[in-house]
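To start, the structure under review is shown below, and the notes come after it.
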Amino acid sequence: MASPTLISDTDAWKDLKGHVAEIKKTHLRDLMGDVDRCKSMTIEFDGVLLDYSRQRATLETIDKLFKLAEAAHLKEKINRMYIGERINSTENRPVLHVALRASRDAVIQSDGKNVVPEVWKVLDKIQEFSERVRSGSWVGATGKALKDVIAVGIGGSFLGPLFVHSALQTEPEAIESARGRQLRFLANVDPIDVARNITGLNPETTLVVVVSKTFTTAETMLNARTLREWISAALGPSAVAKHMVAVSTNLTLVEKFGIDPNNAFAFWDWVGGRYSVCSAVGVLPLSLQYGFSVVEKFLKGASSIDQHFYSATFEKNIPVLLGLLSVWNVSFFGYPARAILPYTQALEKLAPHIQQVSMESNGKGVSIDGVPLPFEAGEIDFGEPGTNGQHSFYQLIHQGRVIPCDFIGVVRSQQPVYLKGEPVSNHDELMSNFFAQPDALAYGKTEEQLRKENVPPNLIPHKTFSGNRPSFSLLLPSLNAYNIGQLLAIYEHRIAVEGFIWGINSFDQWGVELGKSLATQVRKQINASRSKGEPVEGFNFSTTTLLSRYLEASAE
Ligand code: F6P
């Protein structure tokens with residue numbers, strides 16, 4: 001058998017290695033002066049505008065990146081995903097989160113079976129259940145309507161739903177439909193998170209949704225048992241049936257836990273945890289809070305991008321261009337990080353969600369065939385909404401390390417404010433920064449400019465900005481459920497593109513296992529020490545010392 005080809009062995013990759021040396025001689029200041037270049041680096045689809053002219057790239061670079069895409073068989077890989085092939089080879093699973101938001105009449109096959117009817121069966125069940133809870137026809141053990149929901153879950157069973165919830169919180173239609181209701185998320189196994197979640201809630205009016213793909217995740221199961229106890233202690237054990245429901249692929253374990261299987265909402269092993277927000281994982285808690293019709297709009301927004309990603313040519317394809325240029329930044333410029341900078345507070349949980357989607361997907365050291373990568377894959381994602389970030393880490397981005405940035409702006413604010421006497425609206429003020437920052441990064445400020453401004457010579461080095469720092473600008477028409485769905489799918493597919501180019505498996509996550517199994521060993525030791533006084537054994541000197549200290553001090 002021929003040995004598997006690494007993307008770095010292809011001519012297209014080698015060509016880009018040479019090309020980057022040329023591009024390094026140019027400055028964004030000059031590239032931005034070429035209006036034709038900038039024109040062709042702005043594309044739009046379904047109201048979403050992407051401007052990638054502030055990337056350190058020429059039209060020739062884009063051409064070479066398309067050749068790289070060809071060498072990586074990008075189009076074939078996208079197609080294989082959409083037709084339900086088992087592209088997650090280490091877990092032998094298809095990757096079909098696109099089916100979660102497909103229209104009712106779509107046909108998406110997995111193992112020769114159309115999965116769309118199953119998806120809609122669960123969506124219909126969610127709609128029916130959430131309407132019963134919201135209308136008060138489903139009541140708790142004491143006959144009271146359930147107006148508050150705690151969603152218990154971690155990782156992909158938490159971050160996506162939290163992102164969408166926090167984005168919808170101030171959206172006018174969503175505010176209306178959520179009136180009088182609360183949605184909270186319990187993720188951390190830290191008992192403080194339990195305390196924070198239950199504070200101010202009455203078990204009589206609370207519904208707990210346990211969200212876990214596997215229904216084995218230690219943190220989620222302990223938190224679920226803790227809330228089961230909270231409900232039982234207040235209302236008696238039989239109340240659990242009325243106050244706890246579940247979302248999982250493992251319905252056997254749901255039943256074993258004591259949740260009525262009729263109150264379980266299924267999803268499937270072809271949905272990766274971090275890609276599961278469009279399954280019952282997100283749709284159930286969000287429908288309980290906002291109503292199914294709002295959540296359906298979110299699914300439609302994601303679906304619109306799914307179709308675009310599948311069918312648009314690469315020249316006009318937003319996720320493909322974002323993904324290819326991210327590879328360009330990471331693998332050819334060697335920039336290790338990416339800042340996600342939404343200019344709207346409503347997207348405050350976008351970066352934490354994308355952190356998981358991106359870093360769990362692409363933080364890999366071997367190719368999909370198990371060959372060690374001779375290059376670094378993945379990037380370090382972090383971010384904050386603007387303008388908050390400007391007063392925090394932007395100093396480093398402007399004058400320290402080069403961090404490619406994603407600027408995300410919204411044309412119409414969810415909550416506009418126009419103050420009499422102010423030169424611009426509050427949203428215009430915010431957006432002034434959204435437009436200014438990418439140029440500040442791209443152009444910088446030269447010594448010559450500073451001299452002209454009579455800056456004292458000793459301050460010139462401190463006030464100089466090298467510029468030439470790349471960024472993307474994404475402009476959304478507004479931030480309603482539909483646009484939130486679009487944004488989510490853009491990131492999901494962009495991250496898939498990066499993984500497809502690097503030739504890795506973006507859909508497994510073996511890297512999270514080692515820590516989990518070591519924690520099991522520690523848990524056993526803590527139990528043995530506390531219950532039988534057994535000494536700490538089998539760990540290295542450092543862990544033995546730390547653990548012994550913890551056990552001794554906490555026993556005092
Ligand atoms: O952190 C590892 C992980 O497996 C994630 O991929 C997943 O989203 C999370 O744990 C939660 O898993 P589950 O939904 O099975 O509880």
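If the condition is being of a type in the set (S, T, N, Q) and either more than 17 Å from Ala246 (Cβ to Cβ) or within 16 Å of the ligand (Cβ to nearest atom) (or both), then the range 112-160 contributes Asn114, Gln127, Ser135, Ser137, Thr142, Ser157. Which residue out of Lys516, Lys524, Lys532 is modelled with pLDDT under 95 and either more than 16 Å from the ligand (Cβ to nearest atom) or of a type outside the set (Phe, Trp, Tyr) (or both)? Criteria check complete, one pass: Lys516.
Would you confirm whether any residue within the range 418-427 is of a type in the set (Phe, Trp, Tyr), closer than 30 Å to Leu168 by Cβ, part of a helix (DSSP H, G or I) and without any contact (Cβ under 8 Å) to a residue 60 or more places away in the chain? Within the range 418-427, not a single residue is of a type in the set (Phe, Trp, Tyr), closer than 30 Å to Leu168 by Cβ, part of a helix (DSSP H, G or I) and without any contact (Cβ under 8 Å) to a residue 60 or more places away in the chain. Find all pairs meeting these conditions: Cβ atoms under 8 angstrom apart; at least six residues apart or on different chains; first residue within the range 93-113 and farther than 18 Å from Gln486 by Cβ and buried (at least 16 other Cβ atoms within 10 Å of the Cβ); second residue modelled with pLDDT of 95 or more and charged (D, E, K, R). Listed pairs, sorted by first residue: Arg93/Arg86; Arg93/Asp269; Pro94/Glu85; Pro94/Arg86.
Residue pairs whose Cβ atoms lie under 6 Å apart, separated by 6 or more positions or on different chains, with the first residue in the range 375-390 and over 9 Å from Gln345 (Cα atoms) and the second β-branched (Val, Ile, Thr), are Ala377/Ile504; Glu379/Val330; Asp381/Ile354; Gly383/Ile340.
Return yes when Asn480 is within 16 Å of the ligand (Cβ to nearest atom), more than 25 Å from Arg54 (Cβ to Cβ) and surrounded by 11 or more Cβ atoms within 10 Å (Cβ to Cβ) and no when it is not. Reasoning before the result, please.
Working: within 16 Å of the ligand (Cβ to nearest atom): no; more than 25 Å from Arg54 (Cβ to Cβ): yes; surrounded by 11 or more Cβ atoms within 10 Å (Cβ to Cβ): yes.
The answer is no for Asn480.
Do we find a residue being under 29 Å from Ser8 (Cβ atoms) and in contact with an Asp or Glu (Cβ under 6 Å, 6 or more places away or on another chain) anywhere in the range 285-305? Checking the range 285-305: not a single residue is under 29 Å from Ser8 (Cβ atoms) and in contact with an Asp or Glu (Cβ under 6 Å, 6 or more places away or on another chain). Of all residues in the range 16-39, those being loosely packed, with under 14 Cβ neighbours inside 10 Å and either part of a loop (DSSP other than H, G, I, E, B) or not hydrophobic (A, V, I, L, M, F, W, C) (or both) number 10. Could you pull out every one of the helices (runs of 4 or more DSSP H) wholly within the range 266-374 that has 3 or more residues that are within 16 Å of the ligand (Cβ to nearest atom)? Because the criterion is at least 3 residues that are within 16 Å of the ligand (Cβ to nearest atom), the helices (runs of 4 or more DSSP H) in the range 266-374 that meet it are 280-290, 350-362. Here the range 212-226 is the region considered, the condition is being more than 7 Å from the ligand (Cβ to nearest atom) and without any contact (Cβ under 8 Å) to a residue 40 or more places away in the chain, and the residue that is farthest from Val254 (Cα to Cα) is Thr226.
Kindly check whether there is at least one residue in the range 305-317 that is more than 16 Å from the chain's Cα centre (by Cα) and over 24 Å from His97 (Cβ atoms). The answer is yes, given that some residue of the range 305-317 is more than 16 Å from the chain's Cα centre (by Cα) and over 24 Å from His97 (Cβ atoms). Screening the candidates Leu186, Leu207 for the property of being away from the ligand (no atom under 16 Å from the Cβ) and surrounded by 20 or more Cβ atoms within 10 Å (Cβ to Cβ) yields one hit, Leu207.
Please note which helices (runs of 4 or more DSSP H) are completely contained in the range 441-556 and include at least 2 residues that are closer than 29 Å to Thr216 by Cα.
Working: elements: 447-452, 460-463, 481-502, 513-532, 541-555.
Filter on the range 441-556 gives 481-502, 513-532, 541-555.
The residues of the range 331-346 that are surrounded by fewer than 24 Cβ atoms within 10 Å (Cβ to Cβ), among the aliphatic types (A, V, I, L, M) and closer than 22 Å to Asp428 by Cβ amount to a single one, Ala346. Test Leu207 against the stated conditions and say whether it is under 14 Å from Met244 (Cα atoms) and in contact with a Ser or Thr (Cβ under 8 Å, 6 or more places away or on another chain). Spelling it out, it is not the case that Leu207 is under 14 Å from Met244 (Cα atoms) and in contact with a Ser or Thr (Cβ under 8 Å, 6 or more places away or on another chain).
The values are calculated or read from the model by the stated rules, or taken from the named source; none is laboratory data. On a predicted model such as this, the values are computed, not experimentally measured, just so you know. Every residue, glycine as well, gets a Cβ built from its backbone with ideal geometry; the counts of neighbours run over all protein chains shown.
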